[in-house]
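Just so you know, all these numbers are worked out from the coordinates, no wet-lab data involved. If you're wondering where the values come from, they're calculated on a predicted model, not measured in any experiment. Positions of Cβ are generated from backbone atoms using ideal geometry, with glycine treated the same way; all protein chains shown enter the neighbour counts.
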Amino acid sequence: MRRGWMLVLVALILAILLAACGGEGSSPDNAAVTRGQQLFSTGGASGIPCTTCHTLDGSPLVGPSLQGVGTRAGERIDGLSASDYLHESIVSPSSYLVAGYSDLMPKTFGEVLSPDEINDLVAYLLTLQ
Ligand code: HEC
């Protein structure tokens, strides 16, 4: 009986440890998200803040609000993951136009921002649930 409880306890501890590790592995890289958030509001070297055209509160501006974009990004284009879609939306904005909006997003972010900066922006956008 005692031994049985010990085993249950060990199993429980293992389960908790595994859950904790799994959680860490799948959580977004916080430093990247913070850098992405800054880029979003400053535009970095492009000098064009994303906030010029995108709100986060659901109201449209020049572009669609990015509220919840992390959730819908994976459903925009068949076969494109959320992060691939967001990446493409930034470096090649004309590839997919959001219905009801014109092709007005600057095409230069992919040249002016570094690949790391684009990844940071994507990491940030993925947190917008
Ligand atoms: C001059 C205005 C403008 C700026 C600045 C701008 N965008 Fe956009 N963006 C748009 C417009 C218009 C659309 C909708 C048309 C399209 O899909 O390209 C759009 C679409 C998007 C989409 C697709 C949204 C969806 O719901 O599928 C993403 C993601 C996005 N922009 C991210 C960004 C990021 C990140 C930045 C800053 C690096 C940025 N935009 C800067 C105008 C802008």
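Remarks
- For Gly43, residues with placed amide H under 5 Å, excluding near neighbours: Cys50
- Within the shell of other residues whose beta carbon sits under 14 angstrom from the beta carbon of Leu80, the net charge comes to -2, with Lys and Arg scored +1 and Asp and Glu -1.
- Net charge contributed by nearby residues that have their C-beta within less than 15 Å of Ser41 (K/R +1, D/E -1): -2
- Shape of the range 30-126, Cα gyration tensor, a/c cut at 1.5: rounded
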